[in-house]
Amino acid sequence: MFNEGSLDEKIALDHLSLSLNEGDFVTVIGSNGAGKSTLLNVIAGRITPDDGDVRIKNQSMLDVREFKRSRYIGRVFQDPMAGTSPTLTIEENLAIAYSRVHKRTLRPGVTAKRRVFFKEQLEMLGLGLENRLSAKVGLLSGGERQALSLLMATFTKPDILLLDEHTAALDPSRAELITNLTKKLVEKGNLTTLMITHNMQQAVDLGNRLIMMDKGNIVFQAEGEQKQGLTVNSLLEEFSKIKSDSSLSDKALLI
Ligand SMILES: Nc1ncnc2c1ncn2[C@@H]1O[C@H](COP(=O)(O)OP(=O)(O)OP(=O)(O)O)[C@@H](O)[C@H]1O
Ligand SMILES: [Mg+2]
């Protein structure tokens with residue numbers, strides 16, 4: 001609940017319960033204000049829930065502060081500028097992401113051995129960034145930066161990957177590139193993933209599970225064969241069932 005006791009009081013998540021199996025790739029849809037980003041923020045520790053628990057591998061995360069949770073959690077945001085440091089080079093950015101997880105075992109900074117590993121990882125993006133290790137990240141395009149953010153969020157094999165409309169700020173061809181990379185990196189790492197999107201086709205095409213949120217709760221979900229059988233139209237039908245008492249503009253917002 002935000003702003004409790006004031007006129008702006010808002011329940012962003014309401015008795016929501018979600019349990020993920022290892023390797024689940026869940027697409028998350030729902031209209032503006034449904035609580036999707038709040039859900040990811042609660043999992044990541046940016047927002048502390050008033051009630052309930054967040055467990056990763058059966059361990060409660062409530063007492064684990066956000067920066068410590070980042071050892072277990074990979075995140076990519078909508079803004080391509082958010083996940084990387086522009087004044088640092090590509091390899092320095094990768095080294096920071098790497099040391100967040102491998103604190104005790106490795107020296108900080110970029111060692112020769114680690115540089116080889118970084119190059120291998122960058123090659124997977126197919127953007128030639130492996131030849132630009134010492135380029136400042138501020139010089140990269142939005143698409144390249146988002147690809148790098150995605151790599152930094154995944155190559156440490158987080159227990160859960162949180163993607164909040166991470167293709168929404170890119171032009172269609174770059175968005176497609178990042179979508180394909182997401183699929184590749186998630187599958188390769190068998191990463192448990194929650195991906196918020198307003199792109200219904202993307203929500204239908206990707207992953208093995210889908211959840212639809214409304215007013216802070218899950219109002220529809222599908223997995224396995226049912227998920228595979230979903231179409232954009234069938235989802236819109238589900239959505240209009242839920243919204244049958246509200247205006248058409250809500251439906252437009254979902255798309
Ligand atoms: N820090 C905050 N303080 C007060 N209210 C907030 C805060 N963060 C979110 N809210 C409210 O909680 C509700 C859920 O917001 P949230 O950002 O989770 O929605 P969303 O599903 O991600 O929407 P969108 O598709 O627009 O990104 C909204 O009504 C929003 O205004
Ligand atoms: Mg949001």
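Within the range 1-28, which residues are at pLDDT 85 or above and either of a type in the set (Phe, Trp, Tyr) or within 11 Å of ligand 2 (Cβ to nearest atom) (or both)?
Correct list: Phe25, Val28.
Search the range 197-208 for residues that are under 13 Å from Asn233 (Cβ atoms) and pair each with any residue that is of a type in the set (Val, Ile, Thr) and surrounded by fewer than 17 Cβ atoms within 10 Å (Cβ to Cβ) when their beta-carbon atoms are under 8 Å apart and the residues are at least 6 apart or on different chains.
Met200/Val232; Met200/Ile255; Gln201/Val232; Val204/Thr231; Val204/Val232
Looking only at the range 29-60, which residues are among the aliphatic types (A, V, I, L, M), within 16 Å of ligand 2 (Cβ to nearest atom) and in contact with a helix residue (DSSP H, G or I) (Cβ under 7 Å, 6 or more places away or on another chain)? Please lay out each step first, then the result.
Taking the range 29-60 and keeping what is among the aliphatic types (A, V, I, L, M), we get 29, 34, 39-40, 42-44, 47, 54, 56.
So of that shortlist, the ones also within 16 Å of ligand 2 (Cβ to nearest atom) come out as 29, 34, 39-40, 42-44, 47.
Within the range 29-60, Ile29, Ala44, Ile47 qualify.
Exactly one condition in (1) within 11 Å of ligand 1 (Cβ to nearest atom); (2) part of a loop (DSSP other than H, G, I, E, B) is not met by Asp51; state its number.
(1)
Suppose the filter is buried (at least 20 other Cβ atoms within 10 Å of the Cβ) and part of a helix (DSSP H, G or I); does Leu13 pass it?
So Leu13 fails the test.
For Ala169, work out the one condition from (1) touching a Leu at 6+ places or on another chain (Cβ under 7 Å); (2) in contact (Cβ under 8 Å) with a residue 40 or more places away in the chain; (3) assigned to a loop (DSSP other than H, G, I, E, B) it doesn't fulfil.
(1)
Out of the range 155-206, which residues are at pLDDT 95 or above, aliphatic (A, V, I, L, M), farther than 14 Å from Pro80 by Cα and within 16 Å of ligand 1 (Cβ to nearest atom)?
Within the range 155-206, Leu162, Leu194, Met195, Ile196, Ala203 meet the criteria.
Thr84: assigned to a loop (DSSP other than H, G, I, E, B) and away from ligand 1 (no atom under 16 Å from the Cβ), yes or no?
yes
For the range 30-78, how many residues are over 30 Å from Gln201 (Cβ atoms) and among the polar types (S, T, N, Q)?
5
Could you tell me whether any residue of the range 122-131 is touching a Pro at 6+ places or on another chain (Cβ under 9 Å), in a helix (DSSP H, G or I), of a type outside the set (Ser, Thr, Tyr) and in contact (Cβ under 8 Å) with a residue 12 or more places away in the chain?
No, the range 122-131 contains no residue that is touching a Pro at 6+ places or on another chain (Cβ under 9 Å), in a helix (DSSP H, G or I), of a type outside the set (Ser, Thr, Tyr) and in contact (Cβ under 8 Å) with a residue 12 or more places away in the chain.
What number of residues within the range 172-187 satisfy the criterion of being closer than 27 Å to Val116 by Cβ, free of Cβ contacts under 8 Å to residues at least 40 places away in the same chain and among the basic types (Lys, Arg)?
The qualifying residues number 1.
Being within 16 Å of the chain's Cα centre (by Cα) and among the basic types (Lys, Arg) is the filter here; which residues of the range 189-233 pass it?
Across the range 189-233, the qualifying residue is only Arg209.
Which residue pairs have Cβ atoms closer than 6 Å, lie 6 or more positions apart in sequence or on different chains, and pair a first residue in the range 80-107 that is at pLDDT 90 or above and surrounded by fewer than 17 Cβ atoms within 10 Å (Cβ to Cβ) with a second residue that is not charged (D, E, K, R) and not in a loop (DSSP other than H, G, I, E, B)?
Ser85/Asn93; Pro86/Val137; Pro86/Gly138
The values are calculated or read from the model by the stated rules, or taken from the named source; none is laboratory data. Just so it is clear, the structure is predicted and the values come from calculations on it, not from any experiment. Don't worry about glycine lacking a Cβ; one is built from the backbone with ideal geometry, like all the others, and counts go over all protein chains shown.
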